[in-house]
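Participant: The structure that follows is given in the form of structure tokens.
The values are calculated or read from the model by the stated rules, or taken from the named source; none is laboratory data. What you see is a predicted model; the values in this text were computed from it and never measured. Cβ: placed from backbone, ideal geometry, glycine included. Neighbour counts: every protein chain shown. All accessible areas refer to the heavy atoms of the entire protein, side chains included, with ligands and DNA or RNA removed. Shrake-Rupley method; radii C 1.70, N 1.55, O 1.52, S 1.80 Å.
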Amino acid sequence: MMPRPAVFLDRDGTLVNDPGFQRDPSTVELLPGAAAAVARLNAAGIVVIVVTNQSGIARGLITPAEYAAVERAITARFAEAGAVLDATYHCPHYPAAGGPCECRKPGSLLYRRAAEEWRLDLPASWGVGDRVSDLQPVRALGGRGVLVRTGAGRKHESEAHEAGFPVVDDLAAAVGLMLGAIPP
């Protein structure tokens, strides 16, 4: 099987509303247009991987079980809207509580793990998020990134421009940009 491109999506502020350390699955709220954008990636045969920093676990603000319940709710809400998130990878660490790790964005461990498990073509892949640290791992592995203005994106817009990342309004606009650049 030939390696395939993927789109690595940040979770909070890119796919779902970010209330901060979300622990209640009943409060999961998809961002407008996010499910339709993911469905477009699915229809194009692009692997959709979510990569998320979840330091609330290490901080004791959410339990691993609460994190897992929220992830199941997110996956279910996307599925109900006709969109598939192929896999989710998370970093539960907090550098101030345990030192740095390779899996916390902008580290690339989770991206490399996904590439191996899903046979991904990293140079043909994209990262999308509302912080530059969401985009840096994909770039470090040869791919490209795009910042969305949803979530905390507006606060990081100038940093993204300085780093050479395109900035768009939301995930739907990012998908339009990516699908125009990813060969069939």
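Participant: Kindly report the accessible area of the range 35-184 per residue (heavy atoms of protein chains, probe 1.4 Å, no ligands, DNA or RNA), in Å².
Facilitator: Accessible surface, normalised per residue, equals 45 Å².
Participant: I've got another one for you. On the protein heavy atoms, probe 1.4 angstrom, tell me the percent of accessible surface of the range 60-124 carried by carbon and sulfur.
Facilitator: The value for the range 60-124 is 56 percent carbon and sulfur by accessible area.
Participant: What are the GluC sites (Glu not before Pro) within the range 16-105 that DSSP puts in a loop, where the Cβ has at most 15 other Cβ atoms within 10 Å?
Facilitator: For GluC sites (Glu not before Pro) across the range 16-105 that sit outside H, G, I, E and B with at most 15 neighbouring Cβ atoms in 10 Å, the list reads Glu29, Glu102.
Participant: Which of (1) 0.98; (2) 1.14; (3) 0.94 is the computed Rg/Rh (Cα atoms, Kirkwood Rh) for the structure on display?
Facilitator: (3)
Participant: If contacts are Cα pairs under 8 angstrom and at least 6 residues apart, what is the relative contact order of the chain in percent?
Facilitator: With pairs under 8 Å counted, the relative contact order is 25 percent.
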